[in-house]
1. Show the residue pairs that are 6+ apart or on different chains and have beta-carbon atoms under 6 Å apart, the first residue being within region 29-51 and among the β-branched types (Val, Ile, Thr), the second being outside any helix (DSSP H, G or I).
2. Taking only region 201-239 into account, find how many residues are under 19 Å from Pro153 (Cβ atoms) and surrounded by 21 or more Cβ atoms within 10 Å (Cβ to Cβ).
3. So which residues in region 141-151 are buried (at least 17 other Cβ atoms within 10 Å of the Cβ) and either free of Cβ contacts under 8 Å to residues at least 40 places away in the same chain or within 21 Å of Gly281 (Cβ to Cβ) (or both), if there are any at all?
4. I'd like the full set of residues that are more than 17 Å from Glu110 (Cα to Cα) and in a helix (DSSP H, G or I), limited to region 123-151.
5. Is it the case that Ala267 is open to solvent by 20 Å² or more (accessible area, probe 1.4 Å) and of a type in the set (Gly, Ala, Ser)?
6. Test each condition in (1) open to solvent by less than 70 Å² (accessible area, probe 1.4 Å); (2) farther than 18 Å from Ala270 by Cα; (3) touching a residue at least 60 places away in the same chain (Cβ under 8 Å); (4) outside any strand (DSSP E or B) for Val172 and report the one that comes out false.
7. Of everything in region 143-202, what is farther than 25 Å from Glu244 by Cβ and of a type in the set (Val, Ile, Thr)? Give them in sequence order.
8. Which is in a helix (DSSP H, G or I) and either modelled with pLDDT under 95 or open to solvent by 10 Å² or more (accessible area, probe 1.4 Å) (or both), of His120, His154?
Amino acid sequence: MAEHDEQLAALRREIDSIDTKLHNLLMQRTELAVKVGEVKAQAQPIGRAPSEGAKFMRPAREAQILRRLVARHKGRLAKGVIVRMWREMISALLQVEGPFVVAVYTPADEPGYWDLARDHYGSRVPVQSFDRINHAISAVLDGQATVAVLPLPHEDDRDPWWRRIAVNGPNVPHVVARLPFGDPGNQRGKGLQALVIGTTANEPSEHDRGLLVAETRDPVSRSTLRDALNAAQLKPVYIQAFHETGRPEQHLVEAEGFLATDDPRLAVLARSLGADSRAIGIGGYAVPLTPAELAANDDEAPKRGAPKTPDRGSSVEEARREHSDGESI
């Protein structure tokens, strides 16, 4: 028995030693984050308004960090836990660099959007809840929030929120991320997914989807629009149409790859769609981790079955359609 106690004591001392090293590294990482913020402030002064947090955000880099860690991870600790731990740290350090506030659309019948926001942006970031999508968008437009978490678009939208950001102008928010990026965990609302809008500049993460709105004076068929998109070298994976009497027809398009707001392909698309047509980039996102990427290695997987994880590599409508059918995505 004494030998058993000595073994446990030795293992616990080793754990304490590792905890100390981890803590030292965390404090060192925080110091580096502060220095990064100071360097950024030299080129671009930082104020105290929540909108200033957009100057620190780099969603593409965050995605690259998480993909690299998940790809190299081994052992019995779930990869989803690694993502959650690093998301908590990343968000906490964003607040060290500057102000950061999240607005989230939280209708009474879908509290899971709050869970998506909290899981991604951490337990310490201020979160503002809105029961109307327009109010969440306005919080970003008015500078009261850094980002807003909004429902994934789908065909049944009577008044699609993406129309409100399909305009040219300064400080108009655009899509910067898609949630959940990793394992949804104990999120309320089965399979809920969301897009995040903000004013931070989008960057390529090496595995991206771009979003644009094509606006035409006269109605066009989806096949015609697809032909025009392909001719402009924009590979569509999802198209959602919206038409309001007396106004131009609008199409939300999700395309493969990264799409900058000033991408020259947008002008090519607008010309091919005819007179008075427009093509407006409204951002994009780093494609979230898939169930296959988050799965444990066969020799490390626990014997109990793990819950299914949504396939966030699917297009926005595929995800919404499969969720409404009650199936895992």
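The values are calculated or read from the model by the stated rules, or taken from the named source; none is laboratory data. Values in this document were obtained by computation on a predicted structure and should not be read as measured data. As a convention, Cβ positions derive from the backbone with ideal geometry for all residues, glycine included, and neighbour counts pool all protein chains shown. Ligands, DNA and RNA are excluded from the accessible area calculation, which covers all protein heavy atoms including side chains. Shrake-Rupley method; radii C 1.70, N 1.55, O 1.52, S 1.80 Å.
1. Matching pairs, first to second residue: Ile46/Gly98.
2. Going through region 201-239 one residue at a time, the tally reaches 11.
3. If the condition is that a residue be buried (at least 17 other Cβ atoms within 10 Å of the Cβ) and either free of Cβ contacts under 8 Å to residues at least 40 places away in the same chain or within 21 Å of Gly281 (Cβ to Cβ) (or both), then Leu141, Thr146, Val147, Ala148, Val149, Leu150, Pro151 are the ones that fit.
4. Ile137, Ser138, Ala139, Val140, Leu141
5. yes
6. Among (1) open to solvent by less than 70 Å² (accessible area, probe 1.4 Å); (2) farther than 18 Å from Ala270 by Cα; (3) touching a residue at least 60 places away in the same chain (Cβ under 8 Å); (4) outside any strand (DSSP E or B), the lone unmet condition for Val172 is (3).
7. Hits for region 143-202 are Thr146, Val147, Val149, Val176, Val196, Thr199, Thr200.
8. Details: His154 fails: in a helix (DSSP H, G or I).
That would be His120, the only listed residue that is in a helix (DSSP H, G or I) and either modelled with pLDDT under 95 or open to solvent by 10 Å² or more (accessible area, probe 1.4 Å) (or both).
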